[in-house]
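Encoded as structure tokens, the structure appears first; notes follow it.
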Amino acid sequence: MSTDEKQHSPSEQHVDGEWVDPGVPYHRPRRSDSDPKAAKRAERQVAALFGVSILGTIATLVVYFTQNQTEDVESIRLVNVLLGISLCFAMLGIGIGAVHWARTLMRDHEMVEERHAMRTSDESREVAIQYLKDGAEDSGLTTNRRTLLKGSLITAVAIAPLAVLVPQIGNMGGDWNVAKFRHTMWAKGTRLARDPDGSLIKASDVTIGSVFHVIPDGLNELEHGKLEEKAKAIVLLIRLDPRDLNLQPGKEDWSFDGIIAYSKICTHVGCPVALYEQQTHHLLCPCHQSTFDVANGAKVVFGPAKRPLPQLPIAVDGEGYIVAQSDFHEPVGPSYWDRLKGGSSPAPSTEEGHA
Amino acid sequence: MGAKVNTAVAGTSNWVDERTTIGGFVKFFARKLFPDHWSFMLGEIALYSFLVLVITGIFLTAFFVPSMDIVHYEGEFATMHGVEMSKAFESTLVTSFQVPGGMLVRQMHHWSALLFTAAIVTHMARVFFTGAFRKPREINWLVGFTLMILSLAAGFTGYSLPDDVLSGNGLRIIDGVVKSIPLIGTYISYWLFGGEFPGEVLIPRMFTAHILLVPGLILGLIAVHLFLVFLHKHTQYPGGGRKDTNVVGLPLFPVYMAKAGGFFFVVFGVIALIAGLFTINPVWNYGPYDPSPVSAGTQPDWYILFIDGGLRLMPGWIGSFPMEWVIGGYTLPLNILIPAVILPGLFFTFLAVYPWLEALATGDRGERHVLDRPRNVPVRTGIGVGLISFYVVLVIEGSNDIVALLFHLSLNDITLLNRVLIFALPILSFLITRRICYGLQRKDRELVLHGHETGRIVRHEHGEYIEVHEPLSEQEVWLRVQHGDIAPLEIEPEFNHRGVRRKGYRFDRFRRRLSRFYYEQRIQPVTPEEYEAAKHAHH
Amino acid sequence: MNSLARRRYSKSAPVILVLALLMALTALGFAASASTAEASTTSASDIEEGEKLFAANCASCHGLDAQGTDGVAPSLVGVGAAAVDFQVGTGRMPMQQSGPQVQEKQVQFSQEEILQLAAFVASLGDGPAIPTPEMVDAALGNPAVGMEIFRTNCAMCHGSVGGGGALTQGKFAPNLWSTSPTHIYEAMLVGPQSMPVFNDANITPENKRNIIAYLEFQQDGSPGGLKLGTIGPVAEGFWGWLVGLGLIIASTIYVGARAS
């Protein structure tokens, strides 16, 4: 600060009660401006930096051609590190070299340039307006108001995009059958199977404190739509001590012996609710921390979800395998506008989504 | 040799100029002045990381297969060998594991994306806090705002391309959010995915968006953005010689070509180094997308975290009051619409229209090319800090399980605390920031009136001890007084001379209230009279 | 002085002492290895020793008969030797204070004592046994299959590579990288504290071994470089801002600054 030369005497810092702009501050010369040896040194440094870049490029190419990358952790990691570092030198050399050149050798004495207002001058504006008037006259629309012409033009242009957009948007929606969201693969008699291998589950397999991740039997054999069905049909099978389980009214026979099944799809925005805390009987969804109480109808005890997880009615079949009694009694997963419309009873047949 | 080069250059230039008038172009651009300050390079960081994204992206498109067809991985990597996956996932593994340099380029691409979005936000904050959005740059603010939104789209579509469990669950969440939209939500979902989630067309569609539609828009808008910067000339910080009617700086050719051009290579080099050393997005650990698995620590990339945080923060029940309503049998999930649709919409709309809001309060009609020092605009600075703290609370809430794990806290407690902070912190930080700005302005006044404290104590003959103050140089004084005083708007009276209420009065009254909010409480810069009075008092 | 010392101590005393020390150490070594080699065979004396240890260290919470105390400690009848080996072998038990999350800490008993405790508890009722070394040998497992099972059943709590994860109310699923294969196997089998029970009908013994192979594979580190804690996008964003943007902004200050 004290190196700034005062360009005005202190009494001229303000004039007539107004502050006066002191002007651009004094320009301090750099070492390389005044000392030719320093300038030469700077030049050599810049050249050296560019040289580092050249070495980096060569190193990158050498690594690329000599390193034989095999598909194991150490090899991939080694090639990655070597290429990354050499590429870094190749780039940084040029970058720092150019910047160093600009900082030490290039002009650093500031210049001043006047700005012009953005506004076009009044003369030019008048000419422009006149051109527009001339053009309007030439269009033949100024003799009378020609509202019919204007109106039809605007209408035509406004709706023409529809001819392109409607087929574009319409075709992207597939068969537009949003009713599919209502039903899943589960139906009366569908056996519960382990996710992901599809082996069947016997009631005796499910001991107290267990959680099984479940898919419907037959899901893995689907030729089409496997992930779409899985995205609706995944289920959690849990066994609690029956004394801890508060059966919900109307759903007393949907579970047995403390073995109970809920949809795994969060009723918030659809992540898999997968964390089961054995001691608290809480299910935690890792995405937004909605917490469901398995012992009390999977109702929400914390977090952004509002609705409890839909329960899958299950029973045991003659051979001891756990089966569904029907589809879910409500659409699974996140809420949508008309989820409560269109009936809540499960689809009677198993035709949808099966191979 | 030099002479030969000269004639070669002259000849080529002539040939081109005779066909393109390029001489005028060179005249306009070559010696354009740019003020020199590091904070003006933040936008460049965004630009250069975008260039790195394009360069590395082209490499990746040579190997990525945007298809959801099912294959089994035939490579040797132990945890992936024989695993069933989509071709998109498989090609990502091939790029990372089998293509030499593929892992590096893929990691450079992803680190670059994080940097791109971070630089945009930082640059936007700099523009906001220095008032660079004022006339004539409102349009450029909108262009930049749109670029920011597009960067989110580019990032989101990009990291969803490998079709892994982490990004797939992110897509599932988007599907859930989309479904929550009243009336048309299920149709939008069905349209996006070409059917039920996950469908078979999503990856190819996102690929097109990611490499063609979004980058095309970004490139076009970058061109507009840079053109406007050249047209308006860059803004400059206040200082001696800097006025709204000039620009003080160094020329584009050669200084900024070297500095800015060199800086591109610096950014490239840093990204290469980081990508060589640090793992990012290890999709082989998440596995190919399946709707069933999910891992602890399921978060989107940082720039989408604010939405995830909003979704975590919003309670599904407030006491026994549900946040999902059923009206006439139709379901309205406010617990999703508020944090994921309504609040971000309001937040971004406020950001977008801010230049006009502030112009309403100022009544300022002139072009502004000298920047504000943030302390001299306390309400704007306070609003900016308030907005940032709102955003940060959401980002921290989006990371709440990570915070809970690392710091041994309860994630439930973190969420409950953030539910309070989301309201309290923006207001508190606004008030505190505004206070701090006033304090800084008062400090500036003190400095101008009394000078720097030197730490030298002098004893007068009559026994008084004083500290010697060194008066400020005229540059330092100018910096602290140049901003002038802005008084709140005065408006015409409510009733005209005939006693009839004016038509625009309501709006004017709103303007005055807004203006008072901004400018009523203010610290005026030292006037020359005060300065002289202080000088005399010292002698 | 020297003559005094010589008369009192025999010259060969040091040699005898060293030999005795060596023999004692060898005996201890044999004893130690003997107890692990014969882990599967428990004798009546083991059960007796175990009962004594139990009475001294565990009964205050679990009761002398291991029937448990309501609200303090559960019954151990039927938990099996595997549960004891896991809980005591990782230092979780004896617990400092009752609560839903048991912290892993310094192991308080020798492996021999742990086996004796396990034998005692196993004698109270049938329960899961300690796995054999072959059952937990990662080299015999398939990491790809292990990953598929892990990501369906384990990753949601323990993280995609076993780095750990948060549960509700301050509980957490711990990091698995320094947990021994035997303890991993036992934890799956037993379902300690918040962890569910993954009996052999849920995750077969082969798949348990596959999971161990998957976790073992993760010890090699990441092919992309440093792991950043395997936390995921949050860590990536944090380091991207701090290191990435930080380094680059530092360089802008360098670029914009005047040279001297």
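The values are calculated or read from the model by the stated rules, or taken from the named source; none is laboratory data. Fair warning: this is a prediction, and the values are worked out from it, not measured in the lab. Counting neighbours? That spans all protein chains shown, and the Cβs are built from the backbone with ideal geometry, glycine included. We work out accessible area using only protein heavy atoms, side chains counted, and drop any ligands, DNA or RNA first. Shrake-Rupley method; radii C 1.70, N 1.55, O 1.52, S 1.80 Å.
Quick check: anything in region B:48-62 closer than 30 Å to A:GLU71 by Cα, in a helix (DSSP H, G or I), under 17 Å from the mean Cα position of the chain (by Cα) and within 14 Å of chain C (Cβ to nearest Cβ)? Looking for residues that are closer than 30 Å to A:GLU71 by Cα, in a helix (DSSP H, G or I), under 17 Å from the mean Cα position of the chain (by Cα) and within 14 Å of chain C (Cβ to nearest Cβ), one finds at least one in region B:48-62, hence yes.
Yes/no per residue for (1) among the polar types (S, T, N, Q); (2) in contact with a strand residue (DSSP E or B) (Cβ under 8 Å, 6 or more places away or on another chain); (3) open to solvent by less than 30 Å² (accessible area, probe 1.4 Å); (4) assigned by TED's automatic domain parsing to the domain that holds B:LYS243:
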| residue | (1), (2), (3), (4) |
| --- | --- |
| B:LYS443 | no, no, no, no |
| B:HIS452 | no, yes, no, no |
| B:HIS469 | no, yes, no, no |
| B:GLU474 | no, no, yes, no |
| B:ASP485 | no, no, no, no |
| B:ARG498 | no, no, no, no |
| B:LYS503 | no, no, no, no |
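Against the criterion of being in contact (Cβ under 8 Å) with a residue 40 or more places away in the chain, open to solvent by 30 Å² or more (accessible area, probe 1.4 Å) and more than 11 Å from every other protein chain (Cβ to nearest Cβ), B:PHE129 qualifies.
Residues checked against (1) surrounded by fewer than 24 Cβ atoms within 10 Å (Cβ to Cβ); (2) of a type in the set (S, T, N, Q); (3) at pLDDT below 95:
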{"site": "B:PHE156", "(1), (2), (3)": "yes, no, no"}
{"site": "B:GLY199", "(1), (2), (3)": "yes, no, yes"}
{"site": "B:PRO204", "(1), (2), (3)": "yes, no, no"}
{"site": "B:THR208", "(1), (2), (3)": "yes, yes, no"}
{"site": "B:ILE211", "(1), (2), (3)": "yes, no, no"}
{"site": "B:PRO215", "(1), (2), (3)": "yes, no, no"}
{"site": "B:ILE222", "(1), (2), (3)": "yes, no, no"}
{"site": "B:HIS225", "(1), (2), (3)": "yes, no, no"}
{"site": "B:PHE230", "(1), (2), (3)": "yes, no, yes"}
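Going by what's in this entry, would B:ILE342 be described as in a helix (DSSP H, G or I) and either assigned by TED's automatic domain parsing to the domain that holds B:GLY176 or more than 30 Å from B:VAL526 (Cβ to Cβ) (or both)? Here the answer is yes, as B:ILE342 does meet what is asked. Taking the listed residues B:LEU226, B:LEU250, B:LEU273, the one that is more than 30 Å from B:GLY484 (Cβ to Cβ) and facing chain A (nearest Cβ under 7 Å) is B:LEU273, with no other qualifying.
Against the conditions (1) at negative phi; (2) within 14 Å of chain C (Cβ to nearest Cβ), A:GLY198 satisfies every one except (1). Scanning region B:197-220 finds no residues that are at the interface with another protein chain (Cβ under 10 Å from one of its Cβ atoms), closer than 26 Å to B:LEU51 by Cβ, basic (Lys, Arg) and outside any helix (DSSP H, G or I). Taking region B:18-61 as the range and being farther than 19 Å from C:TYR254 by Cα and polar (S, T, N, Q) as the test, the residues that pass are B:THR20, B:THR21, B:THR56, B:THR61. On the phi < 0 side of the Ramachandran plot and either open to solvent by 20 Å² or more (accessible area, probe 1.4 Å) or not aliphatic (A, V, I, L, M) (or both): does that describe B:GLY241? No; evaluated as a whole, the condition is false for this residue.
Number of residues in region C:115-166 that are of a type in the set (Gly, Ala, Ser), outside any helix (DSSP H, G or I) and open to solvent by 50 Å² or more (accessible area, probe 1.4 Å): the value is 1. When you check B:LEU394 against the structure, is it surrounded by 21 or more Cβ atoms within 10 Å (Cβ to Cβ) and within 14 Å of chain C (Cβ to nearest Cβ), yes or no? In short, yes. Residue count for region A:208-229 satisfying the condition of being in contact with a strand residue (DSSP E or B) (Cβ under 6 Å, 6 or more places away or on another chain) and either open to solvent by less than 30 Å² (accessible area, probe 1.4 Å) or closer than 19 Å to A:ALA295 by Cβ (or both): 7.
Please work out if B:LEU142 is more than 13 Å from chain A (Cβ to nearest Cβ), touching a residue at least 40 places away in the same chain (Cβ under 8 Å), closer than 30 Å to B:ALA125 by Cβ and open to solvent by 20 Å² or more (accessible area, probe 1.4 Å). Judged against the criteria, B:LEU142 is a match.
If I ask for residues that are closer than 15 Å to C:ALA259 by Cβ and open to solvent by less than 70 Å² (accessible area, probe 1.4 Å), which ones from region A:27-68 would you list? Of everything in region A:27-68, those that are closer than 15 Å to C:ALA259 by Cβ and open to solvent by less than 70 Å² (accessible area, probe 1.4 Å) turn out to be A:HIS27, A:ARG30, A:SER32, A:ASP35, A:ALA38, A:ALA39, A:ALA42, A:VAL46, A:LEU49.
In a helix (DSSP H, G or I), assigned by TED's automatic domain parsing to the domain that holds B:ILE58 and either open to solvent by less than 50 Å² (accessible area, probe 1.4 Å) or not acidic (Asp, Glu) (or both): does that describe B:VAL248? No: the conditions fail for B:VAL248. Being touching a residue at least 60 places away in the same chain (Cβ under 8 Å), of a type in the set (Val, Ile, Thr) and either farther than 30 Å from A:LEU284 by Cα or more than 14 Å from every other protein chain (Cβ to nearest Cβ) (or both) holds for only one residue in B:VAL458, B:VAL448, B:VAL385, and it is B:VAL448.
Select from region B:315-339 the residues that are in contact (Cβ under 8 Å) with a residue 40 or more places away in the chain, closer than 14 Å to B:GLY176 by Cβ and within 8 Å of chain A (Cβ to nearest Cβ) and list them in ascending order. Walk me through it before giving the result.
Narrowing region B:315-339 to residues in contact (Cβ under 8 Å) with a residue 40 or more places away in the chain: B:315, B:330, B:332-333, B:336-337.
From what is left, the residues that are closer than 14 Å to B:GLY176 by Cβ are B:333, B:336-337.
B:PRO333, B:ILE336 - these are the residues of region B:315-339 that are in contact (Cβ under 8 Å) with a residue 40 or more places away in the chain, closer than 14 Å to B:GLY176 by Cβ and within 8 Å of chain A (Cβ to nearest Cβ).
For beta carbons closer than 7 Å, sequence separation of 6+ or different chains, a first residue in region C:108-129 that is farther than 19 Å from C:GLY78 by Cβ and a second that is of a type in the set (S, T, N, Q) and surrounded by 15 or more Cβ atoms within 10 Å (Cβ to Cβ), the qualifying pairs are C:GLN111/C:SER35; C:GLU112/C:SER35.
Of all residues in region B:168-184, one or more are in contact (Cβ under 8 Å) with a residue 60 or more places away in the chain, open to solvent by less than 40 Å² (accessible area, probe 1.4 Å), among the charged types (D, E, K, R) and assigned to a helix (DSSP H, G or I).
Being touching a residue at least 12 places away in the same chain (Cβ under 8 Å), in a loop (DSSP other than H, G, I, E, B), within 30 Å of A:TYR321 (Cβ to Cβ) and aromatic (Phe, Trp, Tyr) is a condition met by at least one residue of region A:170-188.
Name the residue, out of A:ALA160, A:ALA156, A:ALA179, that is open to solvent by less than 90 Å² (accessible area, probe 1.4 Å), of a type in the set (A, V, I, L, M) and within 14 Å of another protein chain (Cβ to nearest Cβ).
On the way: A:ALA160 fails: within 14 Å of another protein chain (Cβ to nearest Cβ); A:ALA156 fails: within 14 Å of another protein chain (Cβ to nearest Cβ).
On inspection, the qualifying residue turns out to be A:ALA179.
Filtered by the rule that a residue be over 22 Å from the mean Cα position of the chain (by Cα), more than 7 Å from chain C (Cβ to nearest Cβ) and in contact (Cβ under 8 Å) with a residue 40 or more places away in the chain, region B:282-314 gives B:VAL283, B:TRP284, B:PRO288, B:TYR289, B:ASP290, B:PRO291, B:THR298, B:ARG312, B:LEU313. Quick one: in region B:498-531, of everything that is assigned to a helix (DSSP H, G or I) and within 30 Å of A:ASP21 (Cα to Cα), which residue is nearest to the chain's Cα centre (by Cα)? So, considering only residues that are assigned to a helix (DSSP H, G or I) and within 30 Å of A:ASP21 (Cα to Cα), the one nearest to the chain's Cα centre (by Cα) is B:TYR518. Here B:ARG242 passes the criteria (1) in a loop (DSSP other than H, G, I, E, B); (2) among the basic types (Lys, Arg); (3) at the interface with chain A (Cβ under 7 Å from one of its Cβ atoms) except the one numbered (3).
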